[in-house]
Amino acid sequence: MKFSDVILAVATVAVIDVLVYSVLGMALVPSMGSYWGLNSAAIVSMLVAGLVVGFVFAGNIQEESRIRAVGKIAVLLGAVMSSAVVMSISANGYYNAWVTEYLQSTFSTGAWTTTDWYVYGQLVLAFMVALNVVLALVLGFIGLYVGSMLRKPKKS
């Protein structure tokens, strides 16, 4: 699988993921609540995007070892996901308020300095990025692998 095919596959996963995530988010947040609705939408959208792209790119994936080709796509998808998470968190004005509220409910923060708040805020950010990258790797890999298995290889 050529690197240009990997880039195209990752871009396609990203576009499909955003579209499915948006629709599922609008459907699930009112019924399940903001926490479970968004998380469920994220998990399902990543699997669906992986399935679709795995099916569409099955011919390119089957040119070499399936695990190797899917792994290339999943790793690049993880890198894209880490950038996307950092950018979306940076653009969200409520993120710092959420982190502050979360930390105050989890720890005794009365004696914390500004440095403590900064460090723990960065740790929460690092955890959010790591969690999203791991989910993208695992769910993307599963979706891509299963999707590529759904299309039969071309007879030569």
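Rule-based calculations on the coordinates, nothing more; no lab input. Nothing here was measured: the structure is a model prediction, and the numbers come from that model. Using ideal geometry, Cβ is built from the backbone for each residue, glycine included, and neighbour counts are taken over all protein chains shown.
The calculated Kirkwood hydrodynamic radius for the chain is 17.1 Å, given to one decimal from all distinct C-alpha pairs.
Of all the options 32, 46, 81, the one that moves most in a Gaussian network model of the chain with Cα springs shorter than 10 angstrom is 32.
Remark: 118, 95 ranked as 118, 95, counting other beta-carbon atoms within 10 Å and listing the fewest first.
If you model the stretch 109-153 as an ellipsoid using its alpha carbon gyration tensor, with each semi-axis the square root of five times an eigenvalue, the axes come out at 42, 6, 4 Å, biggest first. Once both labels are positioned 7 Å from their Cα atoms along Cα-to-Cβ, the gap between residue 122 and residue 100 label points is 2.0 nm. Pick from 59, 93, 78 the residue whose mean-square fluctuation is largest in a GNM of the chain, springs joining Cα atoms under 10 Å. It is 93. Taking only Cα atoms and a 10 Å spring cutoff, compute GNM fluctuations for the chain and point out the largest among 61, 89, 43. So, out of 61, 89, 43, the one fluctuating most is 89. Note on the stretch 51-96: percent of Cα-Cα distances in each 10 Å bin, starting at 0 and stopping at the bin with the largest distance, equals 24, 36, 22, 15, 4.
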